[in-house]
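Novice: Can you keep this structure in mind? I'll have questions shortly.
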Amino acid sequence: SAVISQKPSRDICQRGTSLTIQCQVDSQVTMMFWYRQQPGQSLTLIATANQGSEATYESGFVIDKFPISRPNLTFSTLTVSNMSPEDSSIYLCSAQRGGRVTEAFFGQGTRLTVV
Amino acid sequence: AQSVTQLDSHVSVSEGTPVLLRCNYSSSYSPSLFWYVQHPNKGLQLLLKYTSAATLVKGINGFEAEFKKSETSFHLTKPSAHMSDAAEYFCVVSDSGGSNYKLTFGKGTLLTVNP
């Protein structure tokens with residue numbers, strides 16, 4: 001398994017500001033992902049964080065709004081830029097070891113409220 | 001393309017009675033299937049996974065699921081519900097045969113356990 005630490009665990013932010021969420025894995029992993037979980041909803045994949053290169057974004061998500069970094073095999077950040085109340089969600093980091101198939105491990109999530 | 005449908009958004013059972021959470025999937029390749037549980041204000045925990053080995057998969061806390069290719073189903077069961085089982089459950093599919101290891105989440109089933 002892998003233990004994922006995510007911080008902050010929660011934050012309340014003013015609209016128009018940006019928040020950077022950090023994700024640290026306790027061991028090297030092949031793949032890291034960022035998800036959004038809106039209130040009462042399921043998880044939606046934002047992007048795949050690629051080590052040493054630009055993230056791969058899903059439809060509906062763009063780099064200007066959700067810049068992602070992944071400088072090494074154990075760490076990634078997600079920034080939520082120019083926030084609005086619609087960005088209020090739980091943001092989750094996950095990691096997979098790769099290979100033919102592996103389960104994903106999840107951080108505890110960051111509960112973001114934009115006021 | 002892959003997708004997953006959880007047939008019930010909410011299931012309510014009495015403590016000590018069986019649990020059945022239904023999931024149907026669609027996948028272009030040989031799928032890997034997972035069930036995750038999310039307790040209130042907690043992260044996601046893997047209950048069990050199917051990866052083309054035995055079709056009946058046993059997980060943690062007494063849960064099990066059966067992969068039925070002919071029915072494209074992966075229903076989650078437990079013989080006797082416990083109060084601590086009350087949580088949100090997500091069925092998840094991954095196209096393990098392709099190069100895409102992304103997970104697709106169902107919309108979730110909220111399990112309520114009544115005393």
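The values are calculated or read from the model by the stated rules, or taken from the named source; none is laboratory data. Model, not experiment: these values are computed from the prediction. Here Cβ is always computed from backbone atoms with ideal geometry, including for glycine, and neighbour counts include all displayed protein chains. The area values use the complete protein model at the heavy-atom level, side chains included, leaving out ligands, DNA and RNA. Shrake-Rupley method; radii C 1.70, N 1.55, O 1.52, S 1.80 Å.
Novice: Under 9 Å between Cβ atoms, at least 6 apart or on separate chains: pull out the pairs that start in segment B:43-57 with a residue that is under 18 Å from B:T104 (Cβ atoms) and end on any residue that is of a type in the set (A, V, I, L, M) and surrounded by fewer than 17 Cβ atoms within 10 Å (Cβ to Cβ).
Specialist: B:L46/B:I60; B:L47/B:I60; B:L48/B:I60
Novice: How many of the residues in segment A:73-115 are in contact with a Phe, Trp or Tyr (Cβ under 8 Å, 6 or more places away or on another chain), assigned to a loop (DSSP other than H, G, I, E, B) and closer than 22 Å to B:F90 by Cα?
Specialist: Going through segment A:73-115 one residue at a time, the tally reaches 6.
Results for (1) within 12 Å of the chain's Cα centre (by Cα); (2) under 30 Å from A:I46 (Cα atoms), shown as yes or no for each residue.
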{"position": "B:S9", "(1), (2)": "no, yes"}
{"position": "B:G16", "(1), (2)": "no, no"}
{"position": "B:K42", "(1), (2)": "no, yes"}
{"position": "B:K58", "(1), (2)": "yes, no"}
{"position": "B:S80", "(1), (2)": "no, no"}
{"position": "B:K102", "(1), (2)": "no, yes"}
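Novice: Still on this structure, I have one more. Among the residues of segment B:88-110 satisfying the criterion of being aliphatic (A, V, I, L, M), part of a strand (DSSP E or B) and crowded, with 17+ Cβ neighbours inside 10 Å, which is modelled with the lowest pLDDT?
Specialist: Across segment B:88-110, the extreme among qualifying residues is B:V93.
Novice: With the requirement that a residue be modelled with pLDDT of 90 or more and either of a type in the set (D, E) or assigned to a loop (DSSP other than H, G, I, E, B) (or both), what does segment A:31-41 give you?
Specialist: A:Q38 - this is the single residue of segment A:31-41 that is modelled with pLDDT of 90 or more and either of a type in the set (D, E) or assigned to a loop (DSSP other than H, G, I, E, B) (or both).
Novice: I'm checking my understanding of the structure. Among residues of segment A:55-72 that are within 19 Å of A:L19 (Cα to Cα) and outside any strand (DSSP E or B), which one is modelled with the lowest pLDDT?
Specialist: Result: A:A55.
Novice: Which numbered condition trips up A:V80, out of (1) over 22 Å from A:V3 (Cβ atoms); (2) within 14 Å of chain B (Cβ to nearest Cβ)?
Specialist: Failed condition: (2).
Novice: Continuing with this model, one more query. Test each condition in (1) open to solvent by 20 Å² or more (accessible area, probe 1.4 Å); (2) within 30 Å of A:S5 (Cβ to Cβ); (3) assigned to a strand (DSSP E or B) for B:L47 and report the one that comes out false.
Specialist: Of everything listed in (1) open to solvent by 20 Å² or more (accessible area, probe 1.4 Å); (2) within 30 Å of A:S5 (Cβ to Cβ); (3) assigned to a strand (DSSP E or B), B:L47 misses just condition (1).
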